[in-house]
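S.K.: Pasting in a structure now, in structure tokens, and then I'll have a few things to ask.
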Amino acid sequence: MSAQEEQIKYLTEATKKVKEHAFYMKRAIDANDLDTTLSLAADMLRELKTSLLTPRNYYELYMSVLDSLRHVEDFFASLNAAGTPVVEIYEKVQHCANVVPRLYLLIAVGGVYIKSGEAPAKDILKDLIEMVKCVQYPTRGLFLRNYLSQTSRDKLPDTGSEYEGVGGNVKDAYEFVLQNFSEMNRLWVRLQHMGGDKSTRKKREKERQDLKILVGTNLVRLSQLQGVDTDCYRDVILPEILKNVVECKDTISQGYLMDCVIQVFPDEFHLATLETFLTTCTKLKEKVNIRTILQSMMNRLSLFGEGEGRIPPDLDAFRLFNDCITKILEERSNLDLAEILRLQTSLMQFALKCYPGRLDYVNYCLGMCASVLSATKSESLDETSVAEVEELLSIPLSSLALQVLDLQQYSELLTYLPYENRRQVATILVRSTLFSGGSLDSVEKLEKLFKAITPLIKDDEKESSGAPEKDEADEAALAEFKEEQTLVARLVHMMKSPDTDVQFKILSMTRKHFGQGGVKRIGHTLPPLVFAGLKLAHKVKKRELDAVKVQNKLKALKEKQEKIEQERKERQAKKAADPEYEPPGPLEDIVMPDESAIPKPPATSCRKVFQFLHEIVTAMAVSYPDLSLKLFLQSAVAADNCKFKAIAYEFMSQAFILYEDELTDSKAQLRALVLMVGTLLSCSNFEKDDYDALITKTTQYAAKLLKKPDQCRMVTLCSHLFFVGSAEDANHYHDPKRVLECLQRALKIADGCMASSAHVHLFVEILNHYLYYFELHNPLIADKYLTGLIALINEHIDSMDHGEQRTEVEGMYRNTLRHIARKKEEEETKEKFKSIVV
Amino acid sequence: MSIFGFGASASLNLTLSPPPSGEFKDIGKPNTVSSTKDGPPPLANDSPEVRKVPIYTGTDKVEGTLSLTLPQGKKLDHLGIKVELIGRVEMFYDRGGVHDFTSLVKEVDAPGTIYDSKEYPLSFDFEKPYESYRGLNVRVRYFLRATLSRNYSGNLTAEKEICVQHITNEPEINNSIKMEVGIEDCLHIEFEYERQKYGLTDVIVGKIFFLLVRIKIKHMELAVIRRESAGSGQNIYNESETLIKYEIMDGAPVRGECIPVRLFLKGVPGELTPTYRNVGNRFSLKYYINLVLVDEEDRRYFKQQEVTLWRKVLG
């Protein structure tokens, strides 16, 4: 029979006997026969004498006995109600010759005795707590005392309880519970030493774990006493508990009880006794995991700190914890590195939560770790330690974000991590920086940041990891890399300095760092930098303009002042010549503005910014032609806005060069062309010759596209380049002839697309453009072209296959015709549209 | 007498007035519920029936009435009526023996003829030196016996048992019992019982202090032992009875543990009596408490101490 089956057998047998005795016992109770009841109750309780059951099974048995014992309790109470003094029963149960049943019965009567008020509660409790000493067998003793604890729970002479007064006071109550606690702990510890060799030790420890709650309950009781205030807890309760904890010299007990203390008592108590508690921590057995204890205490206090309460300012909790940790580190040479790091990590976490402003605390913890790490001497850290350092460095990020860079120790610690982990930390750093929403407004700050996130910015010098190879199948790594770079890129949006000069320095510096990132990174990181640069260019421009304005104003003021000065001199001369001279009126006083209040022109000129942008985009051009082209175009628009004609032209030409040299894909070409046309249309400050060159080139590109429909559409689109602005605009550009050429060329091309019957569609589109120019009064776009084109469309549209395409074309065509019809009716356009034949 | 057809005959009847104490004792009643198993064997030569017997102290007067009942119209010749009060030690061992230590005779009527039923008041005022006792080998009895002597037909007799108990004053000297015992390097304990002398309803209170525990103790008990020694010189018969084994500790204590002892003598089955020392040079009765420690191999370590019992109240 296996041990387990045996257990079940024992338990079943014992439970059966208990039920049997209980049955007859209840009969005796019904017959109001005290003597028989007692004797049968003793028989039932005698089952609890067994030593065969494991604690778990003993508990089962205990519960079933207790179930029936409640009837006995009720019986005692009813006897008392009927006039029997409880003291008689109290004596009578003690005639029982067996100690275990006797004491259970004694406790059962004891409860009734206290309730009856026949004797002071404290006396009865004292007697009970003394008598239960007679059971020294650990398991039986623990359960007996648990019964005592349960029975007495609502009968303690606690402050405010009905038993207070004659029955005693809270002192009696807590002394009772403390004594029970102390004895139970001793029994519990003793269980460990119940003989047996090493093989049974594990089993014993497991059994003890099963029983720990019985011991811990006492602490819960203590915490429930109303009369125990902070002073009492500090002066009596806690010292007594801790004395037991230390003196029992038992690893399991110490660990469990310290944790219990933390969990069951209120925060205020902990705050009042932190020092005592921590001093005790240093006295625990070596195998007790002090870290978890300290951690839960710190968690507890930081939760308190985060909630409604505040850690009182006169309590230097951080120092206390730190002293404790320092002492432990001194005394325990066997702590492994990871554990030490964990300790510091939790201390730092505590500092972050409870002392949000105290960066020195965080720095201190990091420093401790750094010195521990430097003392280890070993070349590389083991995996757990690495994980710990990573954790250590990641934790402050969520609350401090960029502020960590002000911690001297932070970057030093980073160096202890391998590249991969440093990258992880860097990612978190960037993330929290982004989340914090602050601005990166100084070069120094950025320098530090970039140093810290180096692994994201460039590849490791030793290993070539970092950016995964393109052909690598590891998509996850690639995705991660992308995400990281996107994060880094987002940093650019946080670089905001009100001073354009500083901003320029920041961007230049950033560019320098990003530039080291290699081809794969710059695709992600440089574009935002370009946009930041464009934004800056606008600002600088504005500042320049402002400066000029101010200078002009100043000049005007100065001139005025000189005039007045001259006038004054003249008047003085006149006065000297003729003392009778009366000046016509007082002279205006010119107050020159304060030198320092005058906005200075930026040290970095707008031109320089554009130069900077040019460099950036050029650097990307080869690797990311598509993207660079767009950026060039964007820069061109910006430069044009700032009226830098030459620069704008340069940007445009760079874009064109890219188009010619790098864009081979027809779709990309098409996209680029659309953008180029768009850019050209939105620029308005080109020299005429430059503009001519650009648009001619663009149109040529359009005509050279691979696919006919593309050619057709793009040429149509290019026609607009020749007809910019309205005639009244100063820098309008109208070349009606070229417009017509473009449109006719487009028509011709469209005509060539017959095969796929796409030409009808194109015709309709071209018709729309014709209409557009017609309405704009392009002199060369005559009604005859429109009439002809409409006729052409009418001719072809019927031969189209039925289908979606046709429906679409028809719809578009119908709308166009409707537009024309409307124009024919409108008063203003009636005349012009009259001649168009639909 | 009725064999000869004389019909109803005369009879003697002893009636005792209630004793000054007003107390009676049930004799022959089983002691308590729990004693059925462990109780002493029934007395030899004892009537099994339960009867109520008045209790007298050593100096109480024994009063009563002797009534002679005669059928209507009869007369009775007699040689005299006397009433004896006898205190007697009965021994059941070694062929036994009966020794009357007290014998008082009172002539209640001179020889003559009695024509009518008659009552004689009785009053015995005498010293009753020993308590009534019903032991294993020894019994101390007191009884009244009335005898009407006649010539031809046999004598008429009547007997009445009484119970004598002595109430003692609280002993003036009553020291505690305190002792350190042990087995070298094995077990050292110090025990202390609050007193050496106990009233029959007292509680033995004490404590056991463990100074050194190297054996695996399973449990500890306190036994109450009664020892009856009858006879004298070479012919001493000792008879020990364990009245109760009272478990006072479960499991093994560690060094420094102090275990309380509390034993209610009232709860001890088998009627307790005071300690008797040398009753009429015939027997003694002593009580002991025996502290027993039992280890896991069921070895017993014990220490026996005599305690003196005394009677506070009758009953």
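S.K.: When only alpha-carbon atoms count, how far does the range A:657-753 stretch along each of its three principal axes, as whole angstroms with the largest first?
M.R.: Principal-axis extents of the range A:657-753 (Cα, largest first): 38, 31, 17 Å.
S.K.: With heavy atoms of protein chains only and a 1.4 Å probe, what residues of the range A:109-131 have at least 50 Å² less accessible area in the full set of chains than alone?
M.R.: none
S.K.: Could you work out, residue by residue across A:135-147, how many beta carbons of other chains sit within 10 Å of that residue's beta carbon, and then give the average as an integer? Intermediate values should be presented prior to the final figure.
M.R.: Details: counts 5, 13, 8, 2, 1, 2, 2, 0, 0, 1, 0, 0, 0.
Per residue, the number of nearby Cβ atoms from other chains is 3 on average.
S.K.: Taking a quarter of the surface of the convex hull around the Cα atoms of chain B, what do you get in nm²? Numbers along the way, then the final one.
M.R.: Numbers: hull surface 82.8 nm².
One quarter of the hull surface, i.e. the mean projection, equals 20.7 nm².
S.K.: Another question, if that's okay. Would you list, by chain and number, the lysines whose Cα falls below 20 Å from the Cα of A:Lys122, excluding same-chain residues fewer than 8 positions away?
M.R.: Filter leaves A:Lys133, A:Lys155, A:Lys171.
S.K.: To the nearest whole percent, what portion of all C-alpha pairs in the range B:177-310 is separated by more than 21 angstrom? Spell out each step's value before the answer.
M.R.: Working: 3957 of 8911 pairs.
Value for the range B:177-310 (Cα pairs over 21 Å): 44 percent.
S.K.: Pop a pseudo-label 7 angstrom from the Cα along the beta-carbon direction at both A:Thr200 and A:Ile657 and give the gap in nm to one decimal.
M.R.: Taking the simple label geometry, A:Thr200 and A:Ile657 are separated by 9.1 nm.
S.K.: Return the subset of A:Lys126/A:Lys287; B:Lys25/B:Lys207; A:Lys243/A:Lys327; A:Lys748/A:Lys823 for which the Cα-Cα distance in this structure is over 29 Å, preserving the input order.
M.R.: Details: A:Lys126/A:Lys287 36 Å; B:Lys25/B:Lys207 35 Å; A:Lys243/A:Lys327 19 Å; A:Lys748/A:Lys823 27 Å.
Checking Cα-Cα distances, A:Lys126/A:Lys287; B:Lys25/B:Lys207 exceed 29 Å.
S.K.: While we're on this one: In the structure shown, do any of A:Lys704/A:Lys784; A:Lys198/A:Lys283; A:Lys17/A:Lys49 have a Cα-Cα gap over 20 Å, and if so which?
M.R.: Working: A:Lys704/A:Lys784 29 Å; A:Lys198/A:Lys283 26 Å; A:Lys17/A:Lys49 13 Å.
Pairs exceeding the cut-off: A:Lys704/A:Lys784; A:Lys198/A:Lys283.
S.K.: Write down the accessible area per residue of the range A:707-838 in Å², having rolled a 1.4 Å probe over the full set of protein chains. The partial results should precede the final answer.
M.R.: On the way: 7040 Å² over 132 residues.
On a per-residue basis, the range A:707-838 sits at 53 Å².
S.K.: Which angle between 0 and 90 degrees, to the nearest 10, do you get for helix A:625-641 versus the longest principal axis of chain A when only C-alpha atoms count?
M.R.: Roughly 70 degrees between the two axes.
S.K.: Can you give the accessible area of A:Met44, probe radius 1.4 Å, in Å² rounded to 10?
M.R.: About 0 Å², ignoring ligands and nucleic acids.
S.K.: Now, a different point. In chain A, what percent of the accessible surface is made up of carbon and sulfur (1.4 Å probe, ligands and nucleic acids excluded)? It would help to have the intermediate numbers written out before the result.
M.R.: Working: 20860 of 40550 Å².
About 51 percent, which is the carbon plus sulfur part of the accessible surface.
S.K.: By how many degrees, 0 to 90 and rounded to 10, does the Cα axis of helix A:290-306 deviate from the longest principal axis of chain A?
M.R.: It works out to around 60 degrees.
S.K.: Which three lengths, in whole Å and largest first, does the range A:183-337 cover when its Cα atoms are put on their principal axes?
M.R.: 52, 42, 24
S.K.: Provide the buried accessible surface between chains B and A in square angstrom, both chains summed, 1.4 Å probe, rounded to the nearest 100. All intermediate terms of the calculation are to be shown ahead of the outcome.
M.R.: Values: alone 16920 and 41410 Å², together 56470 Å².
Roughly 1900 Å².
S.K.: Now a separate question. Suppose each label sits 7 Å from its Cα in the direction of the beta carbon; what would the A:Ser399-B:Lys312 distance come out to in nanometres?
M.R.: So the two model labels end up 7.0 nm from each other.
S.K.: Could you tell me the accessible area of A:Phe763 in Å² (1.4 Å probe, neighbours in place), rounded to the nearest ten?
M.R.: 0 Å²
S.K.: May I pose another question? If we count every other residue with Cβ under 10 angstrom of A:Lys645's Cβ, Lys/Arg +1 and Asp/Glu -1, where does the sum land? Please report the intermediate quantities before stating the final value.
M.R.: Numbers: positive: A:Lys643; negative: A:Asp640, A:Glu650, A:Glu687, A:Asp690.
Cβ neighbours under 10 Å give a net charge of -3.
S.K.: Relative contact order for chain A using alpha-carbon pairs under 8 Å, separation at least 6, rounded to a whole percent?
M.R.: Details: 907 pairs, mean separation 36.6, N = 838.
Computed over chain A, the figure is 4 percent.
S.K.: Compute the Kirkwood hydrodynamic radius of the range B:126-248, taking the inverse of the mean of 1/r over all pairs of distinct Cα atoms, and give it in Å to one decimal. Walk me through the numbers on the way to the answer.
M.R.: Numbers: mean 1/r = 0.0508 Å⁻¹.
Its Kirkwood hydrodynamic radius stands at 19.7 Å.
S.K.: Kindly state, to the nearest 0.05, the FRET efficiency for A:Ala375 paired with A:Ala3, given R0 = 45 Å and r defined as their beta-carbon distance.
M.R.: Rounded to the nearest 0.05, the efficiency is 0.35.
S.K.: Can you pull the mean other chain C-beta count within 10 Å for peptide B:260-270? Show your work: numbers first, answer last.
M.R.: On the way: counts 6, 1, 6, 3, 4, 0, 4, 7, 2, 2, 0.
For this peptide, the per-residue mean of nearby foreign Cβ atoms is 3.
S.K.: Roughly how many Å² is the accessible area per residue of the range A:468-580, as a whole number, for a 1.4 Å probe? Numbers along the way, then the final one.
M.R.: Values: 6890 Å² over 113 residues.
Heavy-atom accessible area per residue stands at 61 Å².
S.K.: Sticking with this one: Note the per residue figure in Å³ for the convex hull of the C-alpha positions in the protein assembly as shown. Before the final figure, lay out the partial values.
M.R.: Values: hull volume 526.7 nm³, N = 1153.
Dividing the Cα hull volume of the protein assembly as shown by its residue count gives 457 Å³.
S.K.: Through the Karplus equation 6.51 cos²θ - 1.76 cosθ + 1.60, θ set to phi - 60°, convert the phi angles of the range B:289-302 into ³J(HN,Hα) values in whole Hz; use x for Gly and Pro.
M.R.: 10, 10, 8, 10, 10, 10, 9, 5, 8, 6, 6, 10, 10, 9
S.K.: Further question: Return the tail of the calculated pair distribution for the range A:537-627, meaning the percent of Cα-Cα pairs more than 22 Å apart. Walk me through the intermediate numbers first.
M.R.: Values: 2406 of 4095 pairs.
In whole percent, the share of Cα-Cα pairs in the range A:537-627 beyond 22 Å is 59.
S.K.: With N residues in the range A:253-313, what two-decimal value do you get for its Cα radius of gyration over 2.2 N^0.38 Å? Write down the numbers at each step before the final one.
M.R.: Numbers: Rg = 11.6 Å, N = 61, 2.2 N^0.38 = 10.5 Å.
Cα-based Rg divided by the globular estimate yields 1.10.
S.K.: Compute the angle between helix A:251-264 and the longest alpha-carbon principal axis of chain A, please, reported from 0 to 90 degrees and rounded to the nearest 10.
M.R.: Approximately 70 degrees, to the nearest ten.
S.K.: Here's a follow-up. If r is the Cβ-Cβ distance from A:Thr384 to A:Thr415 and R0 is 22 Å, what FRET efficiency results, to the nearest 0.05?
M.R.: For R0 = 22 Å, the calculated efficiency reads 0.70.
S.K.: Continuing with this model, one more query. Name the long-range amide H neighbours of A:Met495: under 5 Å, sequence gap of 5 or more, or other chain; modelled H, no Pro or chain starts.
M.R.: When sequence neighbours closer than 5 places are left aside, the close amide H contacts are A:Leu440.
S.K.: Moving on to the next point. Place a label point 7 angstrom from the Cα of A:Asp267 along the Cα-to-Cβ direction, then list the residues of the range A:355-369 whose backbone nitrogen is under 20 Å away.
M.R.: A:355-358
S.K.: Give, ordered by residue number, each residue of the range B:232-250 whose 1.4 Å probe accessible area is reduced by a minimum of 10 Å² on adding the remaining protein chains to the chain alone.
M.R.: Correct list: B:Ile244, B:Lys245, B:Tyr246, B:Glu247, B:Ile248, B:Met249, B:Asp250.
S.K.: If the cut-off is 16 Å between C-alpha atoms, which lysines fall inside it for A:Lys555, apart from same-chain ones fewer than 8 positions away?
M.R.: Leaving aside lysines fewer than 8 places away in the same chain, those within reach of A:Lys555 are A:Lys563, A:Lys600.
S.K.: While we're looking at this one, here's another question. Which FRET efficiency, nearest 0.05, do A:Glu13 and A:Ser333 yield, Cβ-Cβ r, R0 51 Å? Don't skip to the answer; put the middle values down first.
M.R.: Values: r = 53 Å, r/R0 = 1.04.
Efficiency at R0 = 51 Å is approximately 0.45.
S.K.: Something else: Return one quarter of the surface area of the convex hull spanned by the alpha-carbon atoms of the range A:106-169, equal to its mean projected area, in nm².
M.R.: Values: hull surface 15.7 nm².
Orientation-averaged projected area of the Cα hull: 3.9 nm².
The values are calculated or read from the model by the stated rules, or taken from the named source; none is laboratory data. Everything numeric in this text was worked out from a predicted model, so none of it was measured. Counting neighbours? That spans all protein chains shown, and the Cβs are built from the backbone with ideal geometry, glycine included. For accessibility, only protein heavy atoms count, side chains too; no ligands or nucleic acids. Shrake-Rupley method; radii C 1.70, N 1.55, O 1.52, S 1.80 Å.
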